[in-house]
Amino acid sequence: MRLRENVKVLSNFKELRKGSKSRSQYVEEVINDVCNAFDYNKSLCEVIFTLFAPAEALEFIEANESQRPLTIRTNTLKTKRKDLAKVLIQRGVQLDPVAEWSKVGLKIYESTVPIGATPEYLAGHYILQSPSSFLPCMTLAPQPNERILDMAAAPGGKTSYIAQLMKNTGVLVANDLKKERLKSLNANMHRLGVSNVVVANYDGRKIPNIFRKFDRCLLDAPCTGIGVIARDPSIKVQKTYDDVKKLSHLQKELIKAAIDSVDANSKTGGYVVYSTCSITVEENEAVLEYALKTRYVKLVETGLEVGEPGMTKYCEKRFHPSMNLSRRIYPHVHNMDGFFVAKLKKFANGEKSVEAVSTAREEEEAKHKQKVKKQALNKKKKEKRMKKKESAKEEEGEIKPHEKKRDKKNKQKKAAAAKTEAKTEAPKKVEAPKADVAKAEPSQEPKPKKDKKHKKASKEAKESKIEEPKAEKPKAEKPKTEQ
């Protein structure tokens, strides 16, 4: 098949290339073949092939053709997973736990009974829900007795899981724009026994003017749904790149409203979770980058064990380095619906000007570049010093570096001592002639008297007095003895 052959060529283009055919021509052929074989819109197909390499893009498209296994989430407000599994097995249902990271999910392979019509379902012991939609609620990590907002709540799967984690305490505001979808939300809340939910019908962009000071907020934003093509094949034909751009603008407005509705001074929260069922960068990383520039928020770890890190580079775009803390779920990798989850921590209230953020970002980048340059220069200097030392050792041979240091210190000491001696001798030479010219003979007589009275005389004067009488006595005694 030509599609497979072209994908192989693109995986190793230099060696498998045929003739003078360019890479763009091969990619165009692959996209056209995918559109014809899998009934995809060409615009959407181009979006997928810019996001993935050709081989991985084909894997993603093929994974969307196969259906995911049916999964349910147990309602711990009414039962436990073990008890529910036992009852369903007795009714002829083959099931397994979803994964190690989930304590409430069950995967169903075969069933002799309709899963959406069992007595346990009608009693509210479980709800049909995909495992990828567990992740935003787990990332939000709601605590009991908190005020939480679910900005786009219908049909109520995530809302009921949040209430379940809150143990039916606190206040949970479930909002949705479309009034028609609130019927299913109310029905699910009553069936599952959730009693801490307040249902609202407002435009999410206007919620900060109505509700404020929430501890946490979940925004499962409206999106193109490219990650859930397996459940809704009509997306392959209906959605285009223009829809991606339009929804990206709406998502940026909604995430601003979600951040504004949360209180940064909350003792237990101050978190916003952003999620979509799309895998495009324009609907995920680009929206978060906008939030980081316009509001006082930062990305934090999601705490999830599943998923791949978010993208920091995409085509010519460069995102904040903390974007890798977000998580991406792919159908061809994790065997779940495509999903994106990120967690934001609000550290101050109010808006942030774009100019201030851009200048601060530029300053940080400039400082980082300067540090890198300084480190490189220091390395070069150290290398030069080491080379000089090695060359000096080779030339001098026996002389060691510590001996050179000692010689330098000794020379410095000798030079300092010579300077001090010169300073002390200079005044003595000037004083001596003054005393000789002024007093001449009388200066010799009073000196011995002063020496006897004062102890602070110089050593030279004492020695001269002692030597003079010794020289005169022997000359007087010799002639006396001879006579």
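The values are calculated or read from the model by the stated rules, or taken from the named source; none is laboratory data. Note that the structure is a prediction, hence the values are computed from the model and not measured. Positions of Cβ are generated from backbone atoms using ideal geometry, with glycine treated the same way; all protein chains shown enter the neighbour counts. In case anyone asks, the SASA skips ligands and DNA or RNA and just uses the protein heavy atoms, side chains included. Shrake-Rupley method; radii C 1.70, N 1.55, O 1.52, S 1.80 Å.
A protection proxy built from the mean count of other Cβ atoms within 10 Å ranks the segments 48-59, 175-186, 331-342, most packed first, as 331-342, 48-59, 175-186. The alpha carbon gyration tensor of segment 70-128 gives principal lengths a ≥ b ≥ c with a/c of 1.5 or higher and a/b no greater than b/c, which makes the shape oblate. For the residue pairs 343/369; 245/313; 256/345, the C-alpha atoms sit more than 21 angstrom apart in 343/369.
Note on residue 268 and residue 242: the model spin-label points, each 7 Å out from Cα along the C-beta direction, lie 4.8 nm apart. Gain on full extension, evaluated as 0.36 nm per residue between residue 213 and residue 184 minus their Cα-Cα distance, stands at 7.7 nm. Counting other Cβ atoms within 10 Å, keep those with at most 10, restrict to DSSP loop, and tell me which trypsin sites (Lys or Arg not before Pro) in segment 1-49 are left. Those satisfying the criteria are 18. Accessible surface for residue 86 stands near 130 Å², nearest 10, in the context of the full protein assembly shown (1.4 Å probe). Between residue 110 and residue 249, residue separation times 0.36 nm minus the direct Cα-Cα distance comes to 45.8 nm. Stretching residue 206 away from residue 322 to a fully extended chain increases their span by 38.9 nm, per 0.36 nm per residue minus the current alpha-carbon distance. Which FRET efficiency value, to the nearest 0.05, do you get for residue 389 and residue 367 by plugging their Cβ-Cβ distance into 1/(1 + (r/R0)^6) with R0 = 25 Å? Approximately 0.15, to the nearest 0.05.
Provide, for q = 0.08, 0.09, 0.12, 0.15 Å⁻¹, the log10 of I(q)/I(0) from a solvent-free Debye sum over equal Cα point scatterers in segment 131-358. Per q value, in the given order, log10 I(q)/I(0) is -0.26, -0.34, -0.62, -0.99. For the pair segment 260-284 and segment 124-174, the centres of their Cα atoms are 15 angstrom apart. Give me log10 I(q)/I(0) at q = 0.21, 0.24, 0.28 Å⁻¹ for segment 1-65, Debye formula, one equal scatterer per alpha-carbon, no solvent. Each listed q maps to, in turn, -0.81, -1.04, -1.37. Among rounded, prolate and oblate, which fits segment 201-303 when a ≥ b ≥ c are the square roots of the eigenvalues of its C-alpha gyration tensor, a/c under 1.5 means rounded, and a/b larger than b/c means prolate? Here segment 201-303 falls in the prolate category. Exceedance of the 28 Å cut-off in Cα-Cα distance is limited, within the set 298/367; 317/381; 103/206; 158/252; 346/373; 8/107, to 317/381; 103/206; 346/373; 8/107.
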